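A short write-up of the structure that comes next.
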Amino acid sequence: LLLRWRRRRALWRKVAEAQERQERSLVRMEAAVQRFREQHPSVSAASILSLPLPELSKKLRDGSLPPDHVFYAYVGKALQLATETNCITEYLQESENQVRKAKLMEKKGLLYGVPVSIKDSIDCQGHDSTLGFIKNLNKPAAEDSVVVQVLKRQGAIPFVKTNVPQSLISYDCKNLIFGQTRNPLLFTRTPGGSSGGEGALVGGGGSILGIGTDVGGSLRFPAAFCGICAIKPTGKRLSKRGIMSGVVGQKAVAAAVGPLAKDVESLALCLQALLSEDMFSLDSTVPPLPFNEEVYSSTKPLRIGYYETDFFTMPSPAMRRAVRQTKELLEEAGHTLVPFELTNVDHVIFNYCVRGMFADGGSSFVKKFKGEIEKGGTGMFFWLAKAPQWLKTLLSWTSKPFVRSISFYLSQQLWDSTSTPLTTSTFPPQDFCHQFIAQWKKLNLDVMLCPMLGPAFGIGYPAKLSVAVSYTMLYNALDFPAGVVPVTLVTDEDEEQLKGYKGYYRDWWDRTLAKAFRGSVGMPVAVQCVALPWQEELCLRFMKEVETL
């Protein structure tokens, strides 16, 4: 007991030191901004912050806006957001030197002088990538991840790292080290996760471009919840070298790295910069596919599949309305909309996604928590991985009348790595992917319009509603590029219709989901735009069309 007490005390000391470093980061940011304002009192931060990324980058490249003016405008706004939402974990002070050097650069890349925020799990040399784990503190990265290296070669200035949920396997944004991040639009709501710090910072205007990761919706949840845009590319379109994973080794559910921004044009500019010879030479496992401007700029009418529900997670009234209104606007603009029927989503989520991610019975996931003080928002996954099989079987039967989805979790031996080997016959995500593409091709579709979970839940609800990832995780399992675009706000009528929300299972999970949706009038709701693998430019072109309409 004494040894355990001493060990816990040492862990709490590490947490306190990390929190002090975070506080010192904010003090440094404040001092830097104050110095700049005293030296340049006439600079209008508000006019700089109002510029969209394409216009800002153009002004930076042609010299009409100095890089330091832009940098300190965003540091000041980021500091405000950090105070309000707790989204920043660390200020990258070396970024001030990069700004000074930027003035001397002869070759100006597409993102010259643009301040960029970076998710905690993406390595920046000399800084921790914690994933919310105490064991990862005081272990600074030896070098920048490939994505950060390419950003710097394109002239961008990474200036802060942002908060994540512990282990990344959550769409909330809380960990024991840095605490809870709040939604900038409504502080009682979650910003989403796991790129939640990015969602809050970009959504609140404290960063013009953020870089995050997505293994089940981790880019798309924060974007949708905070009213901004994001794209999850095909898993291998951008390099993942130097990026920490929530579940090491799993390949069933494709992880991806991608950008978040206020508008689609900014996402396109970011991908155009990243999909360069710099990336292809730094990581030879990335296919050398440069950004296809012709596809992105096309005005050809699209043939668009759509669905309003996946028949697993019942959409909120606002989600359903968002898809319907977008469909009508697209039809009026001359596009062809074709109904697409989803089947067996429950089977896909449990057997391909959950079972695929935790194919070893969750043992590697559990190991990550060894020596940690708490288990964050992943308590149910953690418990399922550790509980004996006889107990899970018993609970499967007893919980069936009350929580059918939990019963399924328990009954299918998803958490028993010894029950059935994961061979091609028992675990065929490729077969499912080919079937899905066959249905897509049969309907001769270009892209797909889908619901996106929303509006933002109250803080704490994502931990109770892990199954609600069905709309996003499907496209990680398929490894299709998928982006989100905000299209509407929750209305009083949506709120009234929510009173009749029952869900498809009418169990505890559905009742909790109804509560999570409530009280959201005025909050943003997005739709998801999807394309076939390697067609990010077409996906962005479709997103741009939705945004414009």
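The values are calculated or read from the model by the stated rules, or taken from the named source; none is laboratory data. Quantities reported herein were computed from a predicted structural model and do not represent experimental measurements. In this analysis, Cβ positions are derived from the backbone assuming ideal geometry, glycine residues included, and neighbour counts consider all displayed protein chains. Each accessible area value is taken on the protein alone, full model and side chains, heavy atoms only, with ligands, DNA and RNA left out. Shrake-Rupley method; radii C 1.70, N 1.55, O 1.52, S 1.80 Å.
A few remarks follow.
- As a summary of the residue check, Tyr504 satisfies the conditions (1) open to solvent by less than 30 Å² (accessible area, probe 1.4 Å); (2) outside any helix (DSSP H, G or I) except for the one numbered (1).
- Boolean, Ala31 is under 26 Å from Gly179 (Cα atoms) and assigned to a helix (DSSP H, G or I): yes
- Among the residues of the range 508-549, those identified as without any contact (Cβ under 8 Å) to a residue 40 or more places away in the chain and either surrounded by 24 or more Cβ atoms within 10 Å (Cβ to Cβ) or outside any loop (DSSP other than H, G, I, E, B) (or both) are Arg511, Ala514, Thr548.
This table checks each residue for (1) farther than 23 Å from Gly155 by Cβ; (2) assigned by the TED database to the domain that holds Lys370; (3) surrounded by 12 or more Cβ atoms within 10 Å (Cβ to Cβ); (4) of a type in the set (Phe, Trp, Tyr).
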site: Arg9; (1), (2), (3), (4): yes, no, no, no
site: Ala31; (1), (2), (3), (4): yes, no, no, no
site: Ser42; (1), (2), (3), (4): yes, no, no, no
site: Pro54; (1), (2), (3), (4): no, no, yes, no
site: Pro66; (1), (2), (3), (4): no, no, yes, no
site: Tyr74; (1), (2), (3), (4): no, no, yes, yes
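- Just one of the listed residues (Ile118, Ile157) is within 17 Å of Ser194 (Cα to Cα) and either among the aliphatic types (A, V, I, L, M) or free of Cβ contacts under 8 Å to residues at least 12 places away in the same chain (or both), and it is Ile118.
- Residue match in the range 83-100 (condition: assigned to a loop (DSSP other than H, G, I, E, B) and under 27 Å from Ile459 (Cα atoms)): yes
- Residue match in the range 257-278 (condition: in contact (Cβ under 8 Å) with a residue 60 or more places away in the chain, closer than 21 Å to Pro165 by Cα and open to solvent by 10 Å² or more (accessible area, probe 1.4 Å)): no
- Restricted to the range 94-119, and to residues there that are in contact with a strand residue (DSSP E or B) (Cβ under 9 Å, 6 or more places away or on another chain) and open to solvent by 30 Å² or more (accessible area, probe 1.4 Å), the residue that is nearest to Gln19 (Cα to Cα) is Glu94.
- Thr285 being surrounded by fewer than 17 Cβ atoms within 10 Å (Cβ to Cβ) and either without any contact (Cβ under 8 Å) to a residue 60 or more places away in the chain or assigned to a helix (DSSP H, G or I) (or both): yes
- Evaluation of Ile122 against the conditions (1) of a type in the set (A, V, I, L, M); (2) open to solvent by 20 Å² or more (accessible area, probe 1.4 Å); (3) at pLDDT 95 or above shows that the sole unmet condition is (2).
- Among (1) open to solvent by 20 Å² or more (accessible area, probe 1.4 Å); (2) in contact (Cβ under 8 Å) with a residue 60 or more places away in the chain; (3) not acidic (Asp, Glu), the one test that His347 misses: (2)
- Residue in the range 370-378 that is crowded, with 20+ Cβ neighbours inside 10 Å, at negative phi and modelled with pLDDT under 75 present: yes
- Within the range 446-498, considering residues that are part of a helix (DSSP H, G or I) and polar (S, T, N, Q), the one most open to solvent (accessible area, probe 1.4 Å): Gln497
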